[in-house]
Amino acid sequence: MIPAIGYIRVSMMLEEKISPDIQRTAITELARRRGYRIIEWVEDLDVSGRTFQRKIMKVIADVEDGTAKAILVWKYSRFGRNRTGNQLNLARVEKAGGELVSATEEIDARTAVGKLTRGVLFELAAFESDRAGEQWGEAFQNRLARGLPPLGNQQFGYIRRGRIRHPLYHDRTLAAPEDGPERYEPDHASGMARILADCYDRWIADRNFSTLADWANARGARTTTGAKFRPGEMTRMMDRGFAAGLICVHHRDCRCAKPSTCRNKEYHPGAHEAVISMETWETYKRLRKITSALPPRARRAVYPCTKLLRCGYCTHTYYPQKVHHAPKQGATWDVLAEEVGVSRRTIAYLLAWMRDQQLLVTIVTGSTRRTRAGNLWGLLDDGLGNLAAEYALTIPDELLPDDVAELEADDPEEEEIPWPCETVTERATFSHVSGHVEQDCTPAVQGFSWGGSFPNAGARDSSETTGPSCSWPRHATPGSKREQVAACERLRQEHSLTLGILSAKDLRSLLRHLFVAGFTVADVEHALNRMPDGRHWGDIDPGRLAGTVERKRGMRARIRHRVGLWVDADGTPLVRSASQQAEEAEIAMWREQERRLVAAWGVHDPEPVDQVAPVVQLAERRTPPAEYLAARAALRARLREGA
């Protein structure tokens with residue numbers, strides 16, 4: 001017997017709702033007469049034949065795979081009513097060696113007459129579909145002209161009048177003349193109309209459909225199908241504009257294949273009563289157009305400072321990132337580079353710089369039983385297992401709060417550290433870090449380096465304590481060559497990753513024109529980071545991973561270029577420094593205050609007012625008018641009477 005698949009489709013049109021049992025009986029009788037063995041039944045209930053996005057595609061795929069050799073249907077129209085789809089999919093079936101057989105239209109499709117007859121039947125099926133579509137379009141326009149929804153669906157917040165449920169089909173209704181003409185009335189009795197109106201007001205204030213759906217569900221509101229509201233359903237319900245007395249339909253000039261999901265809509269006036277004003281609806285549409293153009297995370301920020309913080313160096317916006325406190329695979333080179341978002345070579349460079357500056361200290365080197373000394377390459381087990389490496393991260397005093405010493409003095413009892421660990425107090429050797437750093441460490445540790453020397457593990461060396469290095473003030477202009485070198489030394493210390501590759505004298509030769517023009521250390525930093533018009537420069541040292549000679553050559557070229565926009569080759573300032581501009585603005589502010597005070601008192605002051613304290617000196621030289629004194633005395637008397 002020939003394996004075949006029985007296919008049953010029930011159309012959405014009322015006149016074509018042929019019972020699945022009738023189709024199954026006819027197909028079973030066909031299989032008995034023609035010698036087919038039905039291996040599977042596939043049903044498409046309430047599905048239109050104008051599209052092939054249904055289960056028939058799985059049946060065709062089974063024929064192509066060789067699972068079945070024939071598709072048995074009640075009529076050829078059950079296969080489909082789309083001309084192009086019928087030809088393409090029928091060609092797929094015949095190319096795979098299968099056939100399409102109708103139980104009530106028995107023809108031999110292998111002959112020319114049979115193919116012609118089958119083609120005529122398919123064309124009649126497509127014709128019936130087109131005729132039904134035209135009739136539906138006329139009904140569509142008729143309902144739209146009457147101010148009714150074309151599909152006659154239930155609408156949230158409204159009650160449909162003039163219709164009763166069909167006794168046979170649960171998804172259809174019949175006219176109820178005793179209830180009057182078909183119409184939609186606001187559901188004020190259950191309060192759903194009030195909730196619908198409040199949804200628009202709440203969204204305009206909050207612009208969050210998720211919160212709005214939760215709020216509506218908490219008050220017992222449900223969709224027209226009885227389910228809880230979700231953000232997508234709430235969005236579609238409010239975008240239809242039914243609450244504003246409008247009917248939303250697909251735009252008549254749009255020719256897309258899916259009008260139900262197309263965003264090209266148009267609104268027509270409806271015959272129902274609106275529950276929101278037209279002003280509220282226009283405001284909702286305007287805000288929806290703005291928010292729909294934004295990314296999802298930008299519509300409602302998760303964090304309060306999203307897109308408000310900017311980097312002072314590159315001016316880019318800060319965005320929150322997920323922080324993994326404990327890497328799943330351990331802190332390997334690759335994991336560290338992936339977590340930070342840089343290359344492995346950059347991680348190696350930064351760690352090497354921290355070790356060189358004695359900011360990162362190795363206390364215990366990681367080891368295993370195989371690599372630890374004294375275990376004969378893992379033949380002996382010392383019971384320690386795998387030991388993780390331990391590091392100490394030092395903090396310079398200039399980064400600590402001012403009350404650290406007071407807090408340590410208030411708590412004389414220090415935490416007891418078990419033997420053999422001990423507390424070693426040592427000062428770092430680099431000049432720009434002052435004060436001491438306390439660190440718990442094991443005395444006899446190989447590779448421990450803190451800037452001092454440990455002749456043996458049992459002795460404690462107390463290195464000499466030196467004061468902080470003298471550096472040039474940030475807001476003072478250096479005059480002599482020695483002062484300019486000191487100012488450049490401060491720049492090297494504060495920007496050791498970039499300017500630190502150049503010597504202080506080398507920096508002084510590049511920046512001396514700025515110092516002669518009256519620039520301070522802060523002004524020089526501003527000139528190297530920003531253009532005269534306020535725009536931000538790029539990275540001053542983009543080639544950190546290059547060789548030392550190439551880095552220095554590129555650094556000098558970039559500094560000369562940036563300095564050249566502020567002063568010319570002769571040292572003449574082209575643009576005043578940031579501090580000079582701020583000083584001029586302050587002087588202008590004092591002069592403006594002086595002008596306003598003189599104008600307010602009505603007396604011209606020919607003498608110049610001191611810029612430092614113009615308000616105080618002007619008050620000492622002027623006496624308030626008599627009207628002002630009288631009004632002030634009356635106000636004080638009124639206050640005393642009220643007290």
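Heavy atoms of the protein chains alone define the surface here; on that basis the range 213-290 has 61 Å² accessible area per residue at 1.4 Å probe size.
The amide H of Leu148, built 1.01 Å from its N in the peptide plane, has Ala271 as neighbours under 5 Å, considering only residues 5 or more places off or on other chains.
For the set His495, His561, the ranking by accessible area, highest first and with no ligand, DNA or RNA atoms included, is His561, His495 under a 1.4 Å probe. Taking amide H as placed 1.01 Å from N in the peptide plane, the amide H of Leu246 sits under 5 Å from that of Gly270, each at least 5 places away or on another chain. Within the accessible surface of the range 336-400, defined with a 1.4 Å probe on protein heavy atoms only, the carbon and sulfur portion equals 59 percent.
Applying the Karplus relation 6.51 cos²θ - 1.76 cosθ + 1.60 with θ = phi - 60° to the range 490-499 yields 3J(HN,Hα) values of 5, 4, 5, 5, 6, 10, 5, 6, 10, 6 Hz, where x marks Gly and Pro. Amide H to amide H, with H built 1.01 Å from N, Ile159 comes under 5 Å of Glu185, Asp187, counting only residues 5 or more places away or on other chains. The alpha carbons of the range 336-400 occupy a box of 47, 30, 18 Å along the principal axes, longest dimension given first.
DSSP bridge analysis restricted to the range 31-188 gives an antiparallel fraction near 65%, rounded to the nearest 5.
Using only Cα positions of the range 181-293, each an equal point scatterer, no hydration layer, compute I(q)/I(0) via Debye at q = 0.11, 0.18, 0.24 Å⁻¹ and quote the log10 values to two decimals. Log-scaled intensity ratios, in q order: -0.37, -1.02, -1.56. Once the range 2-133 is represented by equal point scatterers at the alpha-carbon sites, with solvent omitted, what log10 I(q)/I(0) does the Debye formula produce at q = 0.09 Å⁻¹? For the requested q values the scattering log ratios are -0.22. The range 193-244 and the range 355-382 have Cα centres separated by 63 Å. When Rg and Dmax are taken over the Cα atoms of the range 156-221, they come to 15.8, 46 Å.
Among the listed pairs Lys55/Lys75; Lys95/Lys115; Lys55/Lys265; Lys228/Lys265, a Cα-Cα separation exceeding 24 Å is found for Lys55/Lys265; Lys228/Lys265.
The values are calculated or read from the model by the stated rules, or taken from the named source; none is laboratory data. No experiment lies behind these values; they were computed from the predicted model shown. Ligands, DNA and RNA are excluded from the accessible area calculation, which covers all protein heavy atoms including side chains. Shrake-Rupley method; radii C 1.70, N 1.55, O 1.52, S 1.80 Å.
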